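This is the structure I want to talk about, given as structure tokens.
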Amino acid sequence: MLKVIRGDITKLKCDAIVNPANSFGYMGGGVAGAIKRAGGIDIEKEAVNKAPIPVGSAVATTSGTLPCKYVIHAPTMERPAMRTNEEKIKKAIKAALVTAKNLGLKSIAIPGMGTGVGGVNAGNAARVMVDVAKEFVNDFEEIVFVDINNKMVNAWRVELE
């Protein structure tokens, strides 16, 4: 089941949340920074230890003090704060969902990917994200798209109509 909610990904109770990462694993700003602030520095330390994480792959780490079991780091960019594109978002989402499936997870929450410093338009990102998620809908009980940004939330809703 695909679901859209407006809210804080760090507060969701689910098996895993996705971090739109960079290949180095550093968690500076945006969603990554929010995850690190809410869940603790150990999440970033583990991600950095597993780096480099190429775009098109993903790694799961501890979730620290977050209410989920894992954080899945799926890079949309090679270096921190660089521009990205729809093809990299597509690869990141697919890698995150494959990683979650391989871990046997049943619920995953995904924020807007590549729409912050990555610079991708919310509508374009939503289209790519929903298209990829539809390929995995039978592998999970719930795939939740979640963001605090109304523009991103509305873009997912349009794509799911």
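Could you check region 114-147 and list, in sequence order, the residues that are in contact with a helix residue (DSSP H, G or I) (Cβ under 6 Å, 6 or more places away or on another chain) and part of a helix (DSSP H, G or I)?
Residues satisfying the conditions are 122, 123, 124, 125, 126, 127, 128, 129, 130, 132, 139.
Residues that are over 19 Å from residue 144 (Cα atoms), at pLDDT 95 or above and β-branched (Val, Ile, Thr): list the helices (runs of 4 or more DSSP H) wholly contained in region 15-113 that include at least 1 such residues.
Of the helices (runs of 4 or more DSSP H) lying wholly inside region 15-113, those with at least 1 residues that are over 19 Å from residue 144 (Cα atoms), at pLDDT 95 or above and β-branched (Val, Ile, Thr) span 41-50.
Looking at region 47-54, is at least one residue more than 14 Å from the chain's Cα centre (by Cα), closer than 19 Å to residue 8 by Cβ, surrounded by fewer than 24 Cβ atoms within 10 Å (Cβ to Cβ) and not β-branched (Val, Ile, Thr)?
No, the conditions are met nowhere in region 47-54.
Considering each of 128, 144, 120 in turn, give the residue that is hydrophobic (A, V, I, L, M, F, W, C), surrounded by 20 or more Cβ atoms within 10 Å (Cβ to Cβ), in contact (Cβ under 8 Å) with a residue 12 or more places away in the chain and under 18 Å from residue 16 (Cα atoms).
On the way: 128 fails: under 18 Å from residue 16 (Cα atoms); 120 fails: under 18 Å from residue 16 (Cα atoms).
From the options 128, 144, 120, the qualifying one is 144.
So is residue 36 surrounded by fewer than 24 Cβ atoms within 10 Å (Cβ to Cβ), over 16 Å from residue 128 (Cβ atoms) and in contact (Cβ under 8 Å) with a residue 12 or more places away in the chain or not?
No, not satisfied.
Ok, one more. Which residue is nearest to residue 141 (Cα to Cα), if the candidates are limited to region 61-99 and must be in contact with a Lys or Arg (Cβ under 9 Å, 6 or more places away or on another chain) and among the hydrophobic types (A, V, I, L, M, F, W, C)?
The extreme case among them is 68.
Quick check on residue 115: is it among the polar types (S, T, N, Q), touching a residue at least 12 places away in the same chain (Cβ under 8 Å), surrounded by 24 or more Cβ atoms within 10 Å (Cβ to Cβ) and closer than 20 Å to residue 8 by Cβ?
Criteria met by residue 115.
The values are calculated or read from the model by the stated rules, or taken from the named source; none is laboratory data. The structure presented is a predicted model; accordingly, all values stated were derived computationally and were not measured. So basically every Cβ, Gly included, is an ideal-geometry build from the backbone, and we count neighbours across all protein chains shown.
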